[in-house]
Amino acid sequence: MKKRLFTLVAVASLAFLALVACSNPNVDTAKVRAAFDSIDAGQKVQLDQALSAIDAGKYNEALQPLRTVAFGAKLDPKQRKIIEETIAKVRAKIAKGQ
């Protein structure tokens with residue numbers, strides 16, 4: 001029962017993020033960089049790698065480092081929201097074949 005509820009909440013959250021991401025499909029990498037000034041060095045490397053790939057238009061290469069930051073770092077609610085929106089926008093770009 002708990003597993004189904006968790007899955008339902010996760011799917012609903014991803015659907016919401018997809019809608020938010022589709023409203024403005026461009027990824028503001030400067031905003032993301034500014035929000036993550038205080039993360040540890042290992043996570044910072046992953047984030048920089050992902051944002052460099054986004055800037056270069058290599059969205060497939062950006063997804064895994066973004067996930068690493070999202071699930072490996074202790075994030076405050078604002079950072080969590082920004083990273084989830086960024087992942088949703090990157091997924092939208094991948095789905096469009098960009």
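Flag: ALA56 does not match the condition of being surrounded by 13 or more Cβ atoms within 10 Å (Cβ to Cβ) and of a type in the set (A, V, I, L, M, F, W, C).
Going by the conditions given, is LEU63 within 13 Å of ALA35 (Cβ to Cβ), touching a helix residue (DSSP H, G or I) at 6+ places or on another chain (Cβ under 7 Å) and surrounded by 15 or more Cβ atoms within 10 Å (Cβ to Cβ)? In short, no. Residues satisfying the criterion are absent from segment 62-76 (criterion: polar (S, T, N, Q) and touching a Pro at 6+ places or on another chain (Cβ under 7 Å)).
For residues that are closer than 14 Å to ILE39 by Cβ and loosely packed, with under 13 Cβ neighbours inside 10 Å, tally how many sit in segment 66-77. So the count comes out to 3. Is one or more of the residues making up segment 78-96 surrounded by 13 or more Cβ atoms within 10 Å (Cβ to Cβ), more than 12 Å from the chain's Cα centre (by Cα) and outside any helix (DSSP H, G or I)? So far as segment 78-96 goes, no, none of its residues is surrounded by 13 or more Cβ atoms within 10 Å (Cβ to Cβ), more than 12 Å from the chain's Cα centre (by Cα) and outside any helix (DSSP H, G or I). Considering segment 15-47, and only residues there that are farther than 20 Å from ALA73 by Cα and at pLDDT 80 or above, the residue that is surrounded by the fewest Cβ atoms within 10 Å (Cβ to Cβ) turns out to be ASN26.
The values are calculated or read from the model by the stated rules, or taken from the named source; none is laboratory data. Bear in mind the structure is a predicted one, so any value in this text is a computation, not a measurement. Every residue, glycine as well, gets a Cβ built from its backbone with ideal geometry; the counts of neighbours run over all protein chains shown.
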